[in-house]
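Take a look at the structure set out below.
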Amino acid sequence: MRVRLDSTKVPFSLDHTLECGQLFRWQKLGDWWYGVVEDMVVKIKQTADGLTFQTFPERTKEDFIENYFRLDDDLPSILDQISKDELIRSAIERFHGLRISRQEPWECLISYICATYKSIPAIKNMILNLSRRFGEKITVNERDFYMFPKPSDLARASLRELRGCKLGFRAERILETSKILDRGELNLEDLKKTGYEKAKQKLLSLQGVGQKVADCVLLFSLDKLEAFPVDVWIRRAVLEFYPRYFEYSFFERVSSKSTITPHEYETISSFGREYFGKYAGYAQEYLFHSLRAREIRL
């Protein structure tokens, strides 16, 4: 199947989008990207005039690619609105076409609980372990892929089984959160219909969900493009390039330690939302990928 794209109207870079750290279930083999999306394996590559892809099992709805990669976002307008300074303009120029994904909320939630204090390779490994242990296997081109387990699958798991997936202290948190969702005490899809602040408070009530995890889930799966997650890269960017927007005492305090309090997190995140506006999440991802790429020399 194909999705044709006019790059002048719908700019998109598959590589930048899949390499920027927001997604954990994709790998590039030759010219093709392979990923697990909900209940299927997706094989996709970008060509001069669009995207060529296959799904296993075959998916009849062709618009899921447009939905998953947010090709409905008016990216030229978004980038114009967040282009506030030379730092973000440089990131946009280098990684033009990067788009925020629209992930399935349940998998996104567990993925970012796994992401707490972990590198991207370690996060990918934990998600693979969970999927291999509790998910359905699909073999594509002689390679095995695994669907992400449902809330009921993890809710019925034992702590011993979850710890066997190398989750560490996250095992208890994932188990408790899985039980809450399995009992229907929180419907993640409903959070798409609520405002940013209310949706965030609902997420923060879950085990293992702090400020950053909540903002990542809001941004990458619940259509809250104003969310501005703050991690070590974004904190570093804010302190280095935007110190004039903060009181000197705050700057000194946050610069002198390795972790920040929830209040300090919210101060930085609020700055991002106010400075970049309603598409602050796009600015965050461009900055995050640019600074991380600069550090590891991509």
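The values are calculated or read from the model by the stated rules, or taken from the named source; none is laboratory data. This is a predicted model, so every value here is computed, not measured. Cβ sites come from the backbone with ideal geometry, for glycine too, and all protein chains shown count toward neighbours.
Quick one: would you say residue 292 is touching a helix residue (DSSP H, G or I) at 6+ places or on another chain (Cβ under 6 Å) and of a type in the set (D, E, K, R)?
Numbers: touching a helix residue (DSSP H, G or I) at 6+ places or on another chain (Cβ under 6 Å): yes; of a type in the set (D, E, K, R): yes.
In short, yes.
Pairs, please: C-beta under 9 Å, at least 6 apart or cross-chain, first residue among the small types (Gly, Ala, Ser) and in region 185-209, second not in a helix (DSSP H, G or I)?
So the pair list comes out as 195/224; 199/222; 199/224; 205/186; 208/116; 208/169.
Can you name the number of the only condition in (1) assigned to a loop (DSSP other than H, G, I, E, B); (2) in contact (Cβ under 8 Å) with a residue 24 or more places away in the chain; (3) touching a Lys or Arg at 6+ places or on another chain (Cβ under 9 Å) that residue 149 fails?
Of everything listed in (1) assigned to a loop (DSSP other than H, G, I, E, B); (2) in contact (Cβ under 8 Å) with a residue 24 or more places away in the chain; (3) touching a Lys or Arg at 6+ places or on another chain (Cβ under 9 Å), residue 149 misses just condition (2).
Could you tell me which numbered condition residue 161 fails, if it satisfies all but one of (1) among the acidic types (Asp, Glu); (2) under 18 Å from residue 34 (Cα atoms); (3) surrounded by fewer than 20 Cβ atoms within 10 Å (Cβ to Cβ); (4) at pLDDT 95 or above?
Every listed condition holds for residue 161 apart from (2).
Can you report the number of residues in region 114-139 which are in contact with a strand residue (DSSP E or B) (Cβ under 8 Å, 6 or more places away or on another chain), crowded, with 17+ Cβ neighbours inside 10 Å and of a type in the set (A, V, I, L, M, F, W, C)?
Let us first name the residues in region 114-139 that are in contact with a strand residue (DSSP E or B) (Cβ under 8 Å, 6 or more places away or on another chain), namely 128, 131-132, 135-139.
If we keep only those that are crowded, with 17+ Cβ neighbours inside 10 Å too, we end up with 128, 131, 135.
Add one more test, that the residue is of a type in the set (A, V, I, L, M, F, W, C), and what stays is 128.
Counting residues in region 114-139 that are in contact with a strand residue (DSSP E or B) (Cβ under 8 Å, 6 or more places away or on another chain), crowded, with 17+ Cβ neighbours inside 10 Å and of a type in the set (A, V, I, L, M, F, W, C) gives 1.
Select from region 174-224 the residues that are in contact with a Gly (Cβ under 9 Å, 6 or more places away or on another chain) and surrounded by 21 or more Cβ atoms within 10 Å (Cβ to Cβ) and list them in ascending order. Step through it out loud before you land on a result.
If we filter region 174-224 for residues that are in contact with a Gly (Cβ under 9 Å, 6 or more places away or on another chain), which is where we start, we get 174, 176-177, 204, 215, 218-220, 224.
Hits for region 174-224 are 174, 177, 215, 218, 219, 220, 224.
Before we move on, is residue 144 assigned to a strand (DSSP E or B), more than 21 Å from the chain's Cα centre (by Cα) and modelled with pLDDT of 95 or more? Give the steps one after another, and end with the answer.
Numbers: assigned to a strand (DSSP E or B): yes; more than 21 Å from the chain's Cα centre (by Cα): yes; modelled with pLDDT of 95 or more: yes.
In short, yes.
Only residues that are surrounded by fewer than 14 Cβ atoms within 10 Å (Cβ to Cβ) and within 26 Å of the chain's Cα centre (by Cα): list them for region 237-254, please.
240
So which residues in region 40-74 are at pLDDT 95 or above and among the basic types (Lys, Arg), if there are any at all?
Scanning region 40-74 gives 43, 45, 70.
Free of Cβ contacts under 8 Å to residues at least 12 places away in the same chain and either assigned to a helix (DSSP H, G or I) or among the small types (Gly, Ala, Ser) (or both): does that describe residue 160?
On the way: free of Cβ contacts under 8 Å to residues at least 12 places away in the same chain: yes; either assigned to a helix (DSSP H, G or I) or among the small types (Gly, Ala, Ser) (or both): yes.
Against the criterion (free of Cβ contacts under 8 Å to residues at least 12 places away in the same chain and either assigned to a helix (DSSP H, G or I) or among the small types (Gly, Ala, Ser) (or both)), residue 160 qualifies.
Given the conditions (1) surrounded by 14 or more Cβ atoms within 10 Å (Cβ to Cβ); (2) on the phi > 0 side of the Ramachandran plot, report the number of the one that residue 30 does not fulfil.
(1)
Which of (1) outside any helix (DSSP H, G or I); (2) at pLDDT 95 or above is the odd one out, the single condition residue 118 does not satisfy?
Of everything listed in (1) outside any helix (DSSP H, G or I); (2) at pLDDT 95 or above, residue 118 misses just condition (2).
Is there any pair with a first residue in region 12-35 that is in a helix (DSSP H, G or I) and a second that is of a type in the set (A, V, I, L, M) and at pLDDT 95 or above whose Cβ atoms are under 6 Å apart and which are 6 or more apart or on different chains, and what are they?
Short answer, once both residue conditions are applied: 16/98; 17/98.
Does residue 142 count as of a type outside the set (S, T, N, Q), outside the structural domain of residue 41 (by TED's automatic domain parsing), closer than 28 Å to residue 228 by Cα and loosely packed, with under 15 Cβ neighbours inside 10 Å?
no
Since residue 43 meets every condition but one in (1) crowded, with 16+ Cβ neighbours inside 10 Å; (2) out of contact with any Phe, Trp or Tyr (no Cβ under 6 Å at 6 or more places or on another chain); (3) not β-branched (Val, Ile, Thr), which condition does it not meet?
(2)
Select from region 46-85 the residues that are touching a Lys or Arg at 6+ places or on another chain (Cβ under 9 Å), assigned to a helix (DSSP H, G or I) and surrounded by fewer than 18 Cβ atoms within 10 Å (Cβ to Cβ) and list them in ascending order.
Result: 67, 76, 81.
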